[in-house]
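Notes to accompany the following structure.
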Amino acid sequence: MEQTQTAQAPLSEALKSHTSSTHERLDRRIMAFEPFGAIERYLPFLRMQLRLNYATASLYQREQLKQWLPDLAQRGRLEPILQDCADLSLPDEQIESDRQQAADSHPISDAEAIGWLYAHQGSSLGAAILLRHAKKDLGLSEEKGARHLAGHADGRGRHWLNFKQQLDALPLSDKQRGEAMKGAENAFAFVFANAETLMPLEL
């Protein structure tokens, strides 16, 4: 019965329900590292974000996805995070390593990509709290070192609501909805795996 209700729900709500426990687990894992405790701890967090943005960058240019989501090309955040890396003098070899790590991670089908985009775009809401930490604890800002955490000019809530409305209007088949669920799970799993690699917890 629960699966039937999820299948009939708007796509954005179905994705939220399907990934809620995975999302919460990821949030706990990231904050356990205390990425705003020092700039040396923020840099691994920045690299984790960089890998996610490299992994999703090509999705924002896919023709089918741009037809489905008209403002998609303007929603990518790779350039701001690369500017953050430059602000904080992240070595070029680390940036290239992160690009390579993300190279083979992006989804194959357009429907699966929808799930990745849901996870990536949704992170902008939680980024408001992260930005406050970056400002208060590290002295960073939307103009230096934390550009990728900045909200949209229209406001985070409105920007996210607009994206959800576009998702919910997509004419996906049941099979495609299943692929979208898989994509969202894979996106969260990708970030979690990179958090484990880049942000090891002390024993």
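The values are calculated or read from the model by the stated rules, or taken from the named source; none is laboratory data. Everything numeric in this text was worked out from a predicted model, so none of it was measured. Backbone-built Cβ (ideal geometry, glycine too); neighbour counts: all protein chains shown.
Quick notes
- Pair list, Cβ < 6 Å and 6+ apart or interchain, from the stretch 112-125 residues that are under 14 Å from Leu170 (Cβ atoms) to residues that are among the acidic types (Asp, Glu): Glu112/Glu179
- Residues of the stretch 16-31 that are over 26 Å from Leu46 (Cβ atoms) and not hydroxyl-bearing (Ser, Thr, Tyr): Lys16, His18.
- Pairing each residue of the stretch 184-196 that is part of a helix (DSSP H, G or I) with any residue that is aromatic (Phe, Trp, Tyr), provided the two are 6+ apart or on different chains, yields C-beta distances under 6 Å for Ala184/Tyr118; Ala187/Trp116.
- Residue selected from the stretch 145-184 under the condition surrounded by fewer than 19 Cβ atoms within 10 Å (Cβ to Cβ) and in contact with a His (Cβ under 7 Å, 6 or more places away or on another chain), by the criterion nearest to Leu50 (Cα to Cα): His152
- Residue count for the stretch 151-183 under the criterion of being in contact with a Phe, Trp or Tyr (Cβ under 7 Å, 6 or more places away or on another chain) and part of a loop (DSSP other than H, G, I, E, B): the result is 1.
- Leading residue by the ranking (modelled with the highest pLDDT) among those in the stretch 95-115 that are in a loop (DSSP other than H, G, I, E, B) and buried (at least 17 other Cβ atoms within 10 Å of the Cβ): Ser105
- The numbered conditions (1) out of contact with any Lys or Arg (no Cβ under 8 Å at 6 or more places or on another chain); (2) in contact (Cβ under 8 Å) with a residue 24 or more places away in the chain; (3) in a loop (DSSP other than H, G, I, E, B) are all true for Asp137 except (3).
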